[in-house]
Amino acid sequence: MDTELLGYLEGLITPGRKERFLKVLSMRTRFLTVALEDVYQMHNASAVIRSCDAFGIQEAHLIEGRFGRRLDKNIAMGAQQWVDIHRHQTSKGCMDALRARGYRIIATVPRADAQTLSDFNIKTPAALFFGTEKEGLSSEVLAEADGAVYIPMFGFTKSLNVSVAAAILLQDLRGRLDTSGVNWGLSEQDKLNKRMDWTCKTIHSADEIIERYYIQKSGIRKG
């Protein structure tokens, strides 16, 4: 990370914008993440990404083997710029990648035999898997998951729209992290990297500006 370049670029955005980035990053986490398994409705996937941004979840995983890319930038309302989106072709590939990073694979299911949301263990990193609108999660994810969680419901309806379920789970679990004593925040290096990423996304023609910066810097050194 070139911190001098970061300082230069941050000088090109408003102080308020920079302060906003710092404040948001102080509340961001990778301790929780979500994975959407072949969600068909584009607006559902996009709404989940928006919820990730709203509740401080820095990354999301999309399994797109069946239906392809399912994000709509208009529905996501820009959230895709601020959330790191990882795309996978298979559920197994996604689970393997997340487990290699220390995540528990948690299936979200509308079943009372799963762990309730209030009893869910928030002490170790977790990847919440959400399934398709009609079929739910695949048998592969259900078989290989390290645990399952459900949202208690008390009416005639026994299932929720995937984007609604994700919002409820993320709001609850993200709020519990604050009082958990867990070190859930981004590392300082991660924060620097995201400051650079977000600042570049804010500046028009950032690549050209960076190129000119290094040309000018090289000329000054030679002189």
Boolean, T157 is in a loop (DSSP other than H, G, I, E, B) and among the hydroxyl-bearing types (S, T, Y): yes
Residue pairs meeting the criteria (Cβ under 8 Å; at least 6 apart or on separate chains; first among the aliphatic types (A, V, I, L, M), in segment 186-199; second assigned to a helix (DSSP H, G or I) and open to solvent by less than 50 Å² (accessible area, probe 1.4 Å)): L186/L25; L186/K194; L192/L6; M196/L5; M196/L6; M196/L9
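Residue-by-condition table, conditions (1) in contact with a Pro (Cβ under 8 Å, 6 or more places away or on another chain); (2) among the hydrophobic types (A, V, I, L, M, F, W, C); (3) under 28 Å from L9 (Cβ atoms):
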position	(1), (2), (3)
G155	no, no, no
L177	no, yes, no
L192	no, yes, yes
T199	no, no, yes
Condition check for R69: at pLDDT below 90, in a loop (DSSP other than H, G, I, E, B), over 28 Å from F21 (Cβ atoms) and of a type outside the set (D, E): no
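To keep it simple, each residue is scored yes or no on (1) part of a helix (DSSP H, G or I); (2) in contact with a helix residue (DSSP H, G or I) (Cβ under 7 Å, 6 or more places away or on another chain); (3) loosely packed, with under 12 Cβ neighbours inside 10 Å.
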{"site": "G181", "(1), (2), (3)": "no, no, yes"}
{"site": "K191", "(1), (2), (3)": "yes, yes, no"}
{"site": "K194", "(1), (2), (3)": "yes, yes, no"}
{"site": "W198", "(1), (2), (3)": "yes, yes, no"}
{"site": "E208", "(1), (2), (3)": "yes, no, yes"}
{"site": "K217", "(1), (2), (3)": "yes, no, no"}
Segment 122-136, residues that are open to solvent by 20 Å² or more (accessible area, probe 1.4 Å), at pLDDT below 90 and assigned to a loop (DSSP other than H, G, I, E, B): E133, K134, E135
Selection from segment 16-36 of residues that are charged (D, E, K, R) and open to solvent by 10 Å² or more (accessible area, probe 1.4 Å): R17, K18, E19, R20, K23, R30
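The values are calculated or read from the model by the stated rules, or taken from the named source; none is laboratory data. What you see is a predicted model, and the numbers here were worked out from it, not measured in a lab. Counting neighbours? That spans all protein chains shown, and the Cβs are built from the backbone with ideal geometry, glycine included. Please note that ligands, DNA and RNA were not included when accessible areas were found on the heavy atoms of the full protein model with its side chains. Shrake-Rupley method; radii C 1.70, N 1.55, O 1.52, S 1.80 Å.
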